[in-house]
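Asker: I'd like to ask you about the structure that follows.
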Amino acid sequence: MSILNVVGAKVWGGGEQYVYDMCDELHRRQIPSFVLVDTSNQELQQRFASVSQVLTANLYLCKGFLSLSSIVKQMKQQGITVIQCHSGKYILLCLALKRLTGAKLIFYKHNVVHAKTDMYHRWIQSQVDAFICVSKRVYDVQVIADIAYKYHLVYNGVNTQRFPVLENESISTSPFIVGYAGRIIENKGIFELLDAIKIIHDRDRAILIRICGDGKPSDIERMHQYIAEHKMQDYVQYMGFQKNMNQFYRSIHCLVAPSKVQEAFGLVLCEAMYCKVPVITSTSGAQVEIIENGTSGILLETVNSTSIADAIQGMIINDVFRESIINEGYKRVESTFTITKMVDSIVTIVRNLR
């Protein structure tokens, strides 16, 4: 077994971290893995080089087709037997590589988007050997009844190697520090969260929020303007993109992710839970598959400033409840959402390909 991941992204994001963590676990198991990225993207090449062997091609030009013969040559030299496609933009390239090398093809589904059933997409579905869906929410909207055997539910998993316990990681509970980790954009509920923090602050509670994540400059500027207009600068910290998420999670008392869009999974929730941080999130997507409300986290049926503030307030005033959420959340991730369990399933699927 030798696996090639085709990664055509231009910047690092959740999908790239997914491939990185998978390759990291495959490396620990001494299973050869490769990542194909664009020749010009030095950042992705350098990041992936620590966990896999990097192959390059001109992926950004004509979706890689002008480099087809070069990719095929590299695949044959390395004895690659499995192609993993993570974006529909490159599925035709991956199908061509399958035809020219005889490798099996796995198509990953990372988004809650209904499967298309027109003639073109049915042809693609007939050529792919297996589909991996990262949550049941994704699986339910993707699975095609007459080829259901090709579809597999494999939950995303925390790469626990990236989240070791830190020395002297305990932090004072005053102020109570809320964390947000995600894209800076309105539909992630960032403004409702800021409003909730202001409500708690105005109740004379010692509160602080740390926000990490990237976004469009216009969206980040809008957030800064909102913070300034509401005079929240003293208790809002925007930290930008953070490479060391372990340090971030272990510097907060609670993570809030009040997304208003259908989330395909929710890896930041699992990472925080593994780091023994209680989480508050919405019911907008696969979060309900991760968290049992009131036991391993808090689920909000309605995303607004009042519901978020009340949930945070409950964490602040009830230490016993918060500790119970922390313990049950950690156990939930350990039992179901680790990279080892994820890769166990993927390896089994690969070995059973028809």
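Read the figures in this text as sums done on the coordinates, not as results from a lab. These figures come from a predicted structure and were not determined experimentally. FYI the Cβ positions are ideal-geometry reconstructions off the backbone, even for glycines, and counts take in every protein chain you see.
Asker: Karplus couplings for the range 46-62 from phi (6.51 cos²θ - 1.76 cosθ + 1.60, θ = phi - 60°), rounded to Hz, Gly and Pro as x?
Answerer: Using θ = phi - 60°, the values come out as 5, 5, 6, 4, 7, 10, 7, 8, 9, 10, 10, 7, 7, 5, 6, 9, 6 Hz.
Asker: Further question: Taking the 0 to 90 degree range and rounding to the nearest ten, how far is the long axis of helix 319-336 tilted relative to the main principal axis of the chain, both from C-alpha atoms?
Answerer: 10
Asker: How long is the range 75-142 along each principal axis, judged by its Cα atoms, biggest number first, in Å?
Answerer: Computed over the range 75-142, the largest-to-smallest principal extents equal 38, 26, 17 Å.
Asker: Among the aspartates and glutamates, which fall within straight-line cross-link reach of Lys136, defined as a Cα-Cα distance under 17 Å, with same-chain neighbours fewer than 8 residues apart omitted?
Answerer: Glu263, Glu289, Glu292
Asker: With a Cα-only, solvent-free Debye model of the range 18-68, what are the log10 I(q)/I(0) values at q = 0.15, 0.20 Å⁻¹?
Answerer: Listed by q, the Debye log ratios stand at -0.42, -0.66.
Asker: What percentages make up the Cα-Cα pair-distance distribution of the range 1-142 when the bins are 10 Å wide from 0?
Answerer: P(r) over the range 1-142, rounded to whole percents: 12, 43, 36, 9, 0.
Asker: Quick one: among Pro217, Pro175, Pro258, which has the greatest mean-square fluctuation in a GNM of the chain with alpha-carbon springs under 10 angstrom?
Answerer: Answer for the Gaussian network model of the chain: Pro217.
Asker: Shifting gears a bit: By how many degrees, 0 to 90 and rounded to 10, does the Cα axis of helix 91-101 deviate from the longest principal axis of the chain?
Answerer: 40
Asker: Here's a follow-up. Set the bar at 23 Å for Cα to Cα. Now go through Lys76/Lys150; Lys63/Lys104; Lys116/Lys341; Lys260/Lys341 and name every pair that lies beyond it.
Answerer: Over 23 Å Cα-Cα: Lys76/Lys150; Lys116/Lys341; Lys260/Lys341.
Asker: Pick out, from Cys254, Val303, Ser335, the residue whose Cα sits farthest towards the positive end of the charge dipole of the range 248-352, with +1 on the Cβ of Lys and Arg and -1 on the Cβ of Asp and Glu.
Answerer: Ser335
Asker: If I histogram all Cα-Cα distances within the chain using bins 20 Å wide from 0, what percent of pairs lands in each bin?
Answerer: 29, 54, 17, 0
Asker: Around Leu59, what is the net charge, scoring Lys/Arg as +1 and Asp/Glu as -1 over all other residues with Cβ under 15 Å from its Cβ?
Answerer: Overall, the nearby charge balance is 0.
Asker: Right, another one. Throw me the Rg/Rh for the range 304-354, computed over C-alpha atoms with Kirkwood Rh, two decimals.
Answerer: 1.32
Asker: In degrees, nearest 10, range 0 to 90: what is the angle between the Cα axis of helix 14-28 and the longest Cα principal axis of the chain?
Answerer: So the helix axis and the longest Cα principal axis differ by about 70 degrees.
Asker: Could you size up the charge dipole of the chain around its Cα centre, putting +1 on the beta carbon of Lys and Arg and -1 on that of Asp and Glu, and report it in debye to the nearest 20?
Answerer: 1520
Asker: Hey, another quick one. Taking N as the number of residues in the range 184-283, what is its alpha-carbon radius of gyration divided by 2.2 N^0.38 Å?
Answerer: Its radius of gyration relative to the 2.2 N^0.38 Å reference: 1.06.
Asker: With unit charges on the beta carbons (Lys and Arg positive, Asp and Glu negative) and the dipole taken about the Cα centre of the range 50-204, which residue among Leu61, Gly79, Tyr155 sits farthest to the positive side?
Answerer: Positive-most Cα among the choices belongs to Gly79.
Asker: How about the chain: what cysteines have no other cysteine beta carbon under 4.7 Å from their own?
Answerer: For the chain, the answer is Cys23, Cys62, Cys133, Cys212, Cys254, Cys270, Cys275, because their Cβ atoms have no other cysteine Cβ under 4.7 Å.
Asker: What is the log10 of I(q)/I(0) for the range 208-354, computed with the Debye formula using one identical point scatterer on each Cα and no solvent, at q = 0.19 Å⁻¹?
Answerer: Values returned for q = 0.19 Å⁻¹ are -1.27.
Asker: Straight distance only, please: which lysines reach the Cα of Lys231 with their own Cα at less than 24 Å, same-chain residues fewer than 8 apart left out?
Answerer: Lys188, Lys198, Lys216
Asker: Give the residue from Ile106, Cys23, Ala272 lying farthest towards the positive end of the charge dipole for the chain; charges sit on Cβ (+1 for Lys and Arg, -1 for Asp and Glu) and the dipole is referred to the Cα centre.
Answerer: After comparing all options, I get Ile106.
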